[in-house]
Amino acid sequence: MKRTPPIQIDWKPDKKSVTPIYQQIVQFVCNRVAKGEWPIGTRLPSQRTLAESFGVNRSTIVTAIDELASYGIIEGCHGAGTQIVSNTWSLLLPPSPDWSNYVSSGFFKANHSTIQAINRLEFVPDMIRLGTGELDPRLFPKKIWQCVLEKLSQKMTSLGYLEPLGLPELREAISRHMKNLGIDAPPSCILVTSGSLQALQLISVCLLKNGSTIYTEAPTYLKSLQVFQSAGMKLSGIPMDDKGMQFGKMEQQLRKNNQQNSSILYTIPTNHNPTGITMSESRRKDLIDFCTANRLPIIEDGAYQELCFEGNPPGTLKSMDKAGMVIYLGSASKSFAPGLRIGWLIAAEPIVQRLGDVKMQTDYGASSISQWAFAELLSSGMYQNYLTDLKAELLRRRDHALAVLSLHYKDFADWTVPKGGFYIWLTLKVATNMERLFEKAAKNKILLNPGDIYDFEHNNSLRLSYAYTSCEEFKKAAITLADIIRNQL
């Protein structure tokens, strides 16, 4: 049977449009099908050809095709490529609303296309997630959790709404726990959140105004989010060295922005995401002095603060704060389980009250059972014992990962050596196409986190994680990836 040639497409998406490119592609295909210009059986060009023709990333094409397939319009047919298989999709009919206009009108910005691809590929079976910022589910302490639930079954008599700031017993337990980090915070200065990301969202809508500048490390986890940009703010990246953020380099820009009193600093000083760097004690003290002198508030993200497994960790910025300059964010997502959805914010009482009021307007409180469970974990001492075992395992995995890199990557890459947390920041010595590397790795069932999604400009880096994979899985994926990189270079 003669194979139908692919349709010729003389169209390009508008890269200046507010509508995401993948949505423009979806709408373009839908319009052609709805008008009868592309009948059933019409074969589309290959993904690579479409990407080149439209001038977009391959991942953007994949996102558009996945959405069209979910509508039932197209289908991959064995030996015949991707074809139009239906022209009766209900949303193509004239009475249907144009949902694309609604989707594009929301104020919250869409994720970077690579991040969307990562979020989708994380759930593909047999994919080795070499950069995932999550603990290996196999490390979840089942016995401890069973013990917690058994105790809760005897203590809890209801699952009603809790106070605006969170469960009192949990805030008291967090207050005691924070003393281990040198932070003296009464329960009235603690707000329980549904993860630390919600704390950032609350700060963006409650404490900052449109046009504010958020100073942060370059690269930074914050660059992979759209929480502040969606609220009309801009990020300004500050370079790092092996001691952390080089904050002195923002002084000139800060003076200009301070005339509008609209700046704040966001930092992950301990086991930084994505580089793994921990800011030195002396630089932390200098940073506090600098911010105090310039009246620059600080958001300290302590997501990895409790995961230091080598040497004595420096004190938190909050513990050095004498002027109320620091808002501290804590989380159980990295140290225990992201599905618990428990984080906390520590700040002056008026700030906590303001954020707590807005939080009640958005979700009426974090999960009651999660709050009771984490309160039991902290109060019983089980959490601290669990952390001791977890850090020993992370250290073992880190050492193994570094050994693998030394054997297979030393000729073409450099990397950081973290003292805790999850991440190794690996940088290739020769410039390479990171999008192509991402695609080739995915075809080999290896999911990468390219450094570009965390940086303010193109880089040659990857965020590698030893927390999600076993030592054997890391070695297997890293060796395969090394071969892919060599071939590409």
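Just checking: which of the helices (runs of 4 or more DSSP H) contained wholly in the range 372-489 hold 2 or more residues that are without any contact (Cβ under 8 Å) to a residue 12 or more places away in the chain?
Working: elements: 382-408, 434-443, 471-488.
In the range 372-489, 382-408, 471-488 are the helices (runs of 4 or more DSSP H) which contain 2 or more residues that are without any contact (Cβ under 8 Å) to a residue 12 or more places away in the chain.
For the list (1) surrounded by fewer than 23 Cβ atoms within 10 Å (Cβ to Cβ); (2) under 27 Å from LEU462 (Cα atoms); (3) of a type outside the set (Gly, Ala, Ser), I need the number of the one condition that ILE288 fails.
(2)
Residues of the range 421-435 being among the small types (Gly, Ala, Ser) and within 8 Å of GLY276 (Cβ to Cβ), which ones?
Scanning the range 421-435 gives a single hit, GLY421.
Filter the range 12-37 down to residues that are part of a loop (DSSP other than H, G, I, E, B) and closer than 21 Å to SER86 by Cβ and give me whichever is modelled with the highest pLDDT.
Here the residue is GLU37.
Which of (1) surrounded by fewer than 17 Cβ atoms within 10 Å (Cβ to Cβ); (2) modelled with pLDDT of 95 or more is the odd one out, the single condition GLU457 does not satisfy?
Status for GLU457: all satisfied but (2).
Identify, please: which residue in the range 2-27 is among the hydrophobic types (A, V, I, L, M, F, W, C) and farther than 25 Å from GLY41 by Cβ and is, among those, surrounded by the fewest Cβ atoms within 10 Å (Cβ to Cβ)?
The selected residue is VAL18.
So, LEU159, is that one touching a residue at least 60 places away in the same chain (Cβ under 8 Å) and part of a helix (DSSP H, G or I) or not?
Taking the combined requirement at face value, the residue does not satisfy it.
If the requirement is being out of contact with any Leu (no Cβ under 6 Å at 6 or more places or on another chain), closer than 14 Å to GLU376 by Cα and either in the same structural domain as LEU340 (by TED's automatic domain parsing) or at pLDDT 95 or above (or both), which of these qualifies: LEU167, LEU159?
Only one candidate passes the filter, namely LEU167.
On the basis of being within 28 Å of THR132 (Cα to Cα), in the same structural domain as MET325 (by TED's automatic domain parsing), without any contact (Cβ under 8 Å) to a residue 60 or more places away in the chain and not in a strand (DSSP E or B), does PRO274 make the cut?
no
Based on this model, can you work out whether GLU310 counts as buried (at least 16 other Cβ atoms within 10 Å of the Cβ), in contact with a helix residue (DSSP H, G or I) (Cβ under 8 Å, 6 or more places away or on another chain), of a type in the set (Asp, Glu) and not in a helix (DSSP H, G or I)?
Criteria not met by GLU310.
The values are calculated or read from the model by the stated rules, or taken from the named source; none is laboratory data. It should be emphasised that the depicted structure is a prediction, and the values quoted were computed from it without experimental measurement. Here Cβ is always computed from backbone atoms with ideal geometry, including for glycine, and neighbour counts include all displayed protein chains.
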